[in-house]
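Enquirer: This is the structure, below, for whatever I ask next.
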Amino acid sequence: MAVTSSGGQLRADVAVVATGAWLDPLVRPFGVRVPVRAGRGSSFSVPAEGAPTRPTCLAAQKVVCTPLGEGRVRVAGMMELAPADRPVDPRRIPAIIAAARPLLRGIDWEAGTDTWVGARPCTPDGLPLIPLPACSCFGSAVPETRRGARRDNVERSHR
Ligand SMILES: Cc1cc2nc3c(=O)[nH]c(=O)nc-3n(C[C@H](O)[C@H](O)[C@H](O)COP(=O)(O)OP(=O)(O)OC[C@H]3O[C@@H](n4cnc5c(N)ncnc54)[C@H](O)[C@@H]3O)c2cc1C
């Protein structure tokens with residue numbers, strides 16, 4: 001097979017498609033059906049005095065705070081299944097604030113900036129897809145996405 005890019009054409013026996021949450025629409029025209037959906041998480045950053053100085057997981061609230069330095073902290077949370085490219089849902093940020101506010105002092109919640117949404121590639125069982133036997137010349141690399149630690153080394157030979 002051959003892969004053509006702006007850098008030219010590359011011939012190989014196997015191609016690994018590693019486009020994360022954007023995998024399905026890319027390989028579907030080739031007849032490859034992959035059970036990967038975008039599990040989207042939202043985040044923003046806020047000025048913070050007395051906020052956690054280390055990455056902190058508010059487990060029950062499903063919110064994670066990451067110190068950014070210079071008096072700011074990034075607050076992230078939520079999980080929604082939606083198209084990978086859809087803009088951030090404005091309802092998500094107030095929901096994260098409502099969950100985290102009772103546990104954190106010294107945060108200026110109204111001064112949030114850098115709102116962002118990112119797409120985790122999610123498989124039904126959370127396991128990576130390596131390789132993908134539906135088509136002999138395509139492999140699909142989608143790592144573990146939801147438990148905070150990668151399990152890229154877990155290979156599945158049959159799906
Ligand atoms: C908010 C959030 C928090 C997370 N927290 C953690 C965590 O704590 N621990 C953890 O292990 N994981 C975490 N993840 C998940 C982790 O980020 C993903 O599992 C990982 O980035 C997936 O890697 P990937 O290389 O498969 O896909 P990605 O990193 O998504 O890379 C895919 C790349 O393919 C590109 N692409 C897409 N379509 C095309 C195309 N047609 N042509 C060319 N390029 C294309 C994209 O632009 C992108 O750069 C988190 C994800 C999010 C969104």
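Enquirer: From the mean inverse distance of alpha carbon pairs (Kirkwood) and the Cα radius of gyration, derive Rg over Rh for the stretch 38-121. Don't skip to the answer; put the middle values down first.
Expert: Numbers: Rg = 12.3 Å, Rh = 12.9 Å.
That ratio equals 0.96.
Enquirer: Apply the Karplus curve 6.51 cos²θ - 1.76 cosθ + 1.60, θ = phi - 60°, to the phi angles in the stretch 88-98 and return the couplings in whole Hz, x for Gly and Pro.
Expert: Residue by residue, the stretch 88-98 yields 4, 6, x, 6, 5, 5, x, 5, 5, 4, 4 Hz.
Enquirer: When you count, for each residue, the other Cβ atoms within 10 Å and take the mean per peptide, how do 55-64, 33-42, 78-87, 114-123 rank with the highest first?
Expert: Working: 55-64: 15.0, 33-42: 19.7, 78-87: 13.4, 114-123: 18.0.
My ranking of the peptides, most packed first, is 33-42, 114-123, 55-64, 78-87.
Quick note: the coordinates plus some simple rules give every number you see, no bench work behind them. It should be emphasised that the depicted structure is a prediction, and the values quoted were computed from it without experimental measurement. Here Cβ is always computed from backbone atoms with ideal geometry, including for glycine, and neighbour counts include all displayed protein chains.
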